[in-house]
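Enquirer: Take this structure first; my questions come after.
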Amino acid sequence: MAELRLYNTMSGEKEVFTPQHDDQVSMYVCGPTVYNYAHIGNARPVVVFDCLYRVLKARYSEVRYARNITDIDDKIIHAAQEQGVDISAVSEEFTEKYREDMAALNALAPTIEPKATEHIEEMISLTQRLVETGHAYESDGHVLFAVESMQDYGALSGRKLDDMMAGARVEVADYKRHAGDFVLWKPSTESEPGWDSPWGRGRPGWHLECSAMIRAHLGESIDIHGGGRDLIFPHHENERAQSCCAYGGDFVRHWMHNAYVDMDGEKMSKSLGNTRTVRELLGQYPGEVLRCALISAQYRSPLNFSEALLEQARSALDSWYGALRRHGSLPDVPTPGADTAVYRALMDDLNTPEAFAAMHTAAATLNKSTDAAEIDRARGELLGGGQLLGLLASDPDMWFQQGVSAEGLSAGEIEAQIAARAAAKADKDYQLADSIRAALEADGVVLEDGAAGTTWRRGS
RNA sequence: GGCUCGGUGGCAGAGUGGUUAUGCAGCGGAUUGCAAAUCCGUCUACGCCGGUUCGAUUCCGACCCGAGCCUCCA
């Protein structure tokens, strides 16, 4: 059995992955702050860690995968105030939309989806613990984590407190002892949502929930913690500080961070305003195309988002589905955990491009082989690989015949035209046959004559 | 200013101290009533300068260029 190797942000190297408990893995991935639609950049970690989840499930008998929902945050508060509604109206609406969008990308639901507002108690007690142990202090109504109280603060992001001082570009609040100190708990005004605490009515700082929820659901030390690169600092650094100082121990054994989705070579982000929402893109492309595009580069490399990228993803899927379509009548019972080339590629730090190459090899075999055993093996590779990658989930005929929008000819109309053309061909009236083909093509339908008759698909 | 990561063929994108990545596009052929799909063949590579080595795209150093973090952000 191939061993799993994963790059660890902490060490800066690929490491052999061994779960702390024999056959059981715990993974936590930072989820969305639910105040608006997820953009395609937000979807990258979801899809990447969904692949990892699938690989882990194939390899280990128990995988506990938690992805949080941040449903208390200043941005949600602002959105709610603008709309004149309660924050829960905003957070519930966008939690639902997020789930729909991610499901459309074939991302499996995590084992647990903890919400911040359901863990306020845990956050308060974690904060208390940090105050008691001298790692946090109260100042001007806030409770702050004292970064100088932690010996190796900065170890994850590879920075030193002194260096950070030099580059501080932000006004330092005067209630902080050190510029790097961050908020654990902050006061709420009357109009802001808040919870009673030993420090008065307030709400948690944004790093706190993950520490508290990891502890509550996955325990003191987890195997894998993932998220986007931009979370390394300050979010994960601070999470680590909170958890390590409050509870001691390892906290996280493998830190994993995906690179960004870029737009014209520049990071896609809400603050830059160059985003494309998943929802908008789903109106133009099948979810599988978006997913395929998102994993067409290795997760630690930047991915430039473009029409061309999506068209390439579509064409890769077309060729895999096309190979399967040739053998569509065979029963399928793939085993994703089988020791296939796709599996081995993914075991090497999720090398999805190498996995794609193996998928293409399997498809080529299906297209040209006449050996039943070989065909069987290739189908297993392709379908099993598809399960690990979260692709090829549709029926091949459905894939080619689906229209992204409702417009166009119905399947029945197309079949009728095909029958008319077959009759014309039987009469050797090729002129009529060709005019039918051309008419269909003008409506975006491509005919393919094969040994077993004519099949059709919708062109892109 | 500090820290991190990267520069591969027309494009996308892996990998390796000496041997084909892969896909798309291009070109030539096969197949087809015509197509499409498919198959076969084929062309374009490893930022720049040094060093180590029998041999470097791959290791080391300098340089140039790009991206990111240090601030909400996946």
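Enquirer: Can you sort A:CYS245, A:CYS210 from fewest to most other Cβ atoms within 10 Å of each residue's own Cβ?
Expert: Placing the least packed residue first, the sequence is A:CYS245, A:CYS210.
Enquirer: Highest first, please rank the peptides A:194-204, A:26-36, A:12-22 by the mean number of other Cβ atoms sitting within 10 Å of their residues.
Expert: Ranked from most to least packed, the peptides come out as A:26-36, A:194-204, A:12-22.
Enquirer: Here is a further query. For helix A:87-104, report the angle its Cα long axis makes with the longest principal axis of the Cα atoms of chain A; keep it between 0 and 90° and round to the nearest 10°.
Expert: 40 degrees
Enquirer: Work out how much length A:LYS368 to A:THR189 would gain on full extension: take 0.36 nm times their residue separation and subtract the Cα-Cα distance, in nm to one decimal.
Expert: 57.4 nm
Enquirer: In region A:249-282, whose amide N lies under 13 Å from the spot 7 Å out along Cα-to-Cβ of A:GLU3? List them in ranges.
Expert: No residue qualifies, since no backbone N sits under 13 Å from the label point.
Enquirer: So between A:ASP397 and A:ASP427, what do we pick up on full extension, going 0.36 nm a residue minus the alpha carbon distance?
Expert: 7.9 nm
Enquirer: Normalised by the residues of region A:403-458, what does the relative contact order come to in percent, with Cα pairs under 8 Å and at least six apart?
Expert: Once divided by the residue count of region A:403-458, the mean separation gives 26 percent.
Enquirer: Output the 0 to 90 degree angle, nearest 10, between the alpha-carbon long axis of helix A:208-217 and the longest principal axis computed from the alpha carbons of chain A.
Expert: 70 degrees
Enquirer: Expressed in nm², what is the orientationally averaged projection area of the convex hull enclosing the Cα positions of region A:403-458?
Expert: 3.7 nm²
Enquirer: Moving on. Which of A:HIS217, A:HIS207 comes first, and how do the rest follow, when ranked by fewest Cβ neighbours within 10 Å?
Expert: A:HIS217, A:HIS207
Enquirer: In addition: What distance in nm lies between label points placed 7 Å from Cα along the C-beta direction at A:LYS75 and A:ASP376?
Expert: 5.2 nm
Enquirer: Also: Once both labels are modelled 7 Å past Cα along the beta-carbon direction, what's the A:TYR247-A:GLN312 spacing in nm?
Expert: Once both label points are built, they end up 4.1 nm from each other.
Enquirer: Hey, fewest Cβ within 10 Å first, where do A:THR365, A:THR335, A:THR189 land in order?
Expert: So the residues, fewest neighbours to most, are A:THR189, A:THR335, A:THR365.
Enquirer: Compute the FRET efficiency between A:SER11 and A:ALA173 as 1/(1 + (r/R0)^6), taking r as their Cβ-Cβ distance and R0 = 41 Å, and round to the nearest 0.05.
Expert: Result of the calculation: an efficiency of 0.75.
Enquirer: Leaving out same-chain residues fewer than 8 places away, which lysines sit with a Cα under 19 Å from that of A:LYS97?
Expert: Result set, ordered by chain and number: A:LYS75, A:LYS115, A:LYS270.
Enquirer: Please report the antiparallel percentage of the DSSP beta bridges confined to chain A, to the nearest 5.
Expert: Close to 55 percent.
Enquirer: Moving to a separate point now. Multiplying the sequence separation of A:ASP162 and A:THR18 by 0.36 nm and subtracting their Cα-Cα distance, what value in nm do you get?
Expert: Length gained, A:ASP162 through A:THR18: 48.4 nm.
Enquirer: Distances longer than 22 Å among the Cα atoms of region A:203-320: what percent of all pairs is that?
Expert: Summing the P(r) of region A:203-320 above 22 Å gives 49 percent of all pairs.
Enquirer: What angle, in degrees between 0 and 90 and rounded to the nearest 10, separates the Cα long axis of helix A:372-389 from the longest principal axis of the Cα atoms of chain A?
Expert: Tilt relative to chain A: about 30 degrees.
Every number in this text was worked out from the coordinates using simple rules, so none of it is lab data. Quick caveat, the model's predicted, so the values are computed rather than measured. Cβ sites come from the backbone with ideal geometry, for glycine too, and all protein chains shown count toward neighbours.
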